[in-house]
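The values are calculated or read from the model by the stated rules, or taken from the named source; none is laboratory data. It should be emphasised that the depicted structure is a prediction, and the values quoted were computed from it without experimental measurement. Backbone-built Cβ (ideal geometry, glycine too); neighbour counts: all protein chains shown.
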């Protein structure tokens, strides 16, 4: 399950702002059909509070992790995912510099879940 963390959002985001952002991210991820994800239940979106207020909203960083290595998750597919999520966020925050990073889980590095 992908975990998407969005850092450095402008301060003072309302619940509605975060819901719009969440919806935009889910739409972008689901649109990459090679990932095989259907809806918000297939991913986790987190908006952690930033500890430092300086520069919030000027540069928004997105980390997409939690994706297992699979043959269909090629470099091009992952690049498409980064682009679609990044562009969706840029649409909502046009003044910000948006950067999106995707990382793949290698099971040889360790993994555990309580989910059966």
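Here are a few things to note about the model shown:
- Residues of segment 63-89 that are out of contact with any helix residue (DSSP H, G or I) (no Cβ under 6 Å at 6 or more places or on another chain) and closer than 20 Å to residue 48 by Cβ: 63, 64, 65, 66, 67, 82, 86, 89.
Condition check ((1) under 11 Å from the mean Cα position of the chain (by Cα); (2) within 28 Å of residue 12 (Cβ to Cβ)) across all residues:
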site: 53; (1), (2): no, yes
site: 64; (1), (2): yes, yes
site: 76; (1), (2): no, no
site: 82; (1), (2): yes, yes
site: 91; (1), (2): no, yes
site: 103; (1), (2): yes, no
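- On inspection, residue 104 qualifies as part of a strand (DSSP E or B), in contact with a helix residue (DSSP H, G or I) (Cβ under 9 Å, 6 or more places away or on another chain) and at pLDDT below 95.
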